[in-house]
1. For Val32, Val68, Val50, write out the residues from largest to smallest accessible area, computed with a 1.4 angstrom probe and no ligands counted.
2. Any idea what % of Cα-Cα pairs in the chain are farther than 21 Å?
3. Keeping all protein chains in place and using 1.4 angstrom, which order do Lys24, Lys81 fall into by accessible surface area, from largest down?
4. For the chain, please report how many Lys pairs fall under 25 Å Cα to Cα, leaving out neighbours fewer than 8 apart on the same chain.
5. Accessible area of Ile55, 1.4 Å probe, to the nearest 10 Å²?
6. Per residue of the chain, what 222 nm ellipticity follows from adding -39500 (n - 2.57) for every DSSP H run with n ≥ 4, rounded to the nearest 500?
7. Apply the Karplus parameterisation 6.51 cos²θ - 1.76 cosθ + 1.60, with θ equal to phi minus 60°, to every residue of the stretch 31-48 and state each ³J(HN,Hα) to the nearest whole Hz, in sequence, with x for glycine and proline.
8. Would you kindly state how much longer the chain becomes between Arg60 and Tyr77 on full extension, computed as 0.36 nm times their sequence separation minus their alpha carbon distance, in nm to one decimal?
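The values are calculated or read from the model by the stated rules, or taken from the named source; none is laboratory data. Since we're looking at a predicted model, the values are computed, not measured. Note: areas computed on protein heavy atoms with side chains; ligands, DNA, RNA excluded. Shrake-Rupley method; radii C 1.70, N 1.55, O 1.52, S 1.80 Å.
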Amino acid sequence: MKNNNKEEQQVQKQEFLFDGINYKILLIGIAVIALGFVLMSGGGSKDPNVFNEDIFSFRRIRLAPTTVLIGFGITIYSIFKKSK
C-alpha cells in the first residue's frame, strides 16, 4: 500500500504547458504591446476648447498601432511554437 502511494506521487509531477523559451517570447510580446500603448498615449490638451494637432502625429497614428500588432504577432508565435 505504501509503495503504491509513492508511485502515484512520482507520476503526478507538475508539467508546464510550454517550454521556457515560449514563456520568454511571450513576455517579450507583452512588453512590445505595452510599448505600443505607451507610444499611443499623450497628445491631450489642458483646455478642452483648444485643439492640439499632436494627436495626429506619425507616432500615434502609424507607429504605435503597428507596434501593438507586432506584439500580438509575437505572442501568437510564442503560443504556437512547438517544443523540441
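1. Val50, Val32, Val68
2. Values: 1966 of 3486 pairs.
The calculated P(r) of the chain puts 56 percent of pairs beyond 21 Å.
3. Details: Lys24 130, Lys81 55 Å².
Largest accessible area first, the list is Lys24, Lys81.
4. Values: Lys2/Lys13; Lys13/Lys24; Lys13/Lys81; Lys13/Lys82; Lys13/Lys84; Lys24/Lys81; Lys24/Lys82; Lys24/Lys84.
Going through the chain pair by pair, I get 8.
5. Here the residue's solvent-accessible area equals roughly 80 Å².
6. Details: 3 runs with 48 residues, N = 84.
It comes out at -19000 deg cm²/dmol, rounded to the nearest 500.
7. Result, rounded to whole Hz: 5, 5, 4, 4, 4, x, 5, 5, 5, 6, 6, x, x, x, 10, 6, 9, x.
8. Values: separation 17, 0.36 × 17 = 6.12 nm, distance 2.53 nm.
Net length gain for the segment: 3.6 nm.
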